[in-house]
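**Student:** Can you keep this structure in mind? I'll have questions shortly.
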């Protein structure tokens, strides 16, 4: 099950890079200003920066707690986006 959220923000590239740098100390990450991937234990997190949104896709492992996974991602992004938090996550 793949879940994707389109998060409205003009700071998508900044948040993508901050999250990747934050987790690069614990997990394997690859990123540039437009896209990033984090090898998270509950499944990979992929991000793409658009002009008006950050697109976040998670691929939970079969044993992952999906609600917890979504919460961890949202909580961390809200921390980096404190000026405009809480961000809107429309997981689909």
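**Student:** Of all residues in the range 68-92, which are within 13 Å of the chain's Cα centre (by Cα) and within 14 Å of residue 11 (Cα to Cα)?
**Tutor:** Of everything in the range 68-92, those that are within 13 Å of the chain's Cα centre (by Cα) and within 14 Å of residue 11 (Cα to Cα) turn out to be 77, 78, 79, 80, 81, 87, 88.
**Student:** Let me ask something else about it. Yes or no: residue 16 under 18 Å from residue 91 (Cβ atoms) and either in contact with a helix residue (DSSP H, G or I) (Cβ under 6 Å, 6 or more places away or on another chain) or modelled with pLDDT under 95 (or both)?
**Tutor:** Here the answer is no, as residue 16 does not meet what is asked.
**Student:** Okay, moving on. Condition first: modelled with pLDDT of 95 or more, surrounded by 14 or more Cβ atoms within 10 Å (Cβ to Cβ), under 10 Å from the mean Cα position of the chain (by Cα) and not in a loop (DSSP other than H, G, I, E, B). Can you find one or more residues in the range 27-34 that meet it?
**Tutor:** Checked against the condition, which is being modelled with pLDDT of 95 or more, surrounded by 14 or more Cβ atoms within 10 Å (Cβ to Cβ), under 10 Å from the mean Cα position of the chain (by Cα) and not in a loop (DSSP other than H, G, I, E, B), the range 27-34 yields no hits at all.
**Student:** Another question, then. When the residues of the range 15-26 are narrowed to those that are assigned to a helix (DSSP H, G or I) and without any contact (Cβ under 8 Å) to a residue 60 or more places away in the chain, which ends up nearest to residue 78 (Cα to Cα)?
**Tutor:** If we take residues in the range 15-26 being assigned to a helix (DSSP H, G or I) and without any contact (Cβ under 8 Å) to a residue 60 or more places away in the chain, then 16 is nearest to residue 78 (Cα to Cα).
**Student:** Which ones in the range 58-68 are outside any loop (DSSP other than H, G, I, E, B) and surrounded by fewer than 16 Cβ atoms within 10 Å (Cβ to Cβ)?
**Tutor:** Listed by number, the residues that qualify are 66, 67, 68.
**Student:** Another question about this same structure. Which of the residues that make up the range 38-50 are under 17 Å from residue 70 (Cβ atoms) and either assigned to a loop (DSSP other than H, G, I, E, B) or out of contact with any helix residue (DSSP H, G or I) (no Cβ under 8 Å at 6 or more places or on another chain) (or both)?
**Tutor:** 40, 41, 42, 43, 44, 46
The values are calculated or read from the model by the stated rules, or taken from the named source; none is laboratory data. No experiment lies behind these values; they were computed from the predicted model shown. For neighbour counting, all protein chains shown are included, and Cβ atoms are generated from backbone atoms with ideal geometry for every residue, glycine included.
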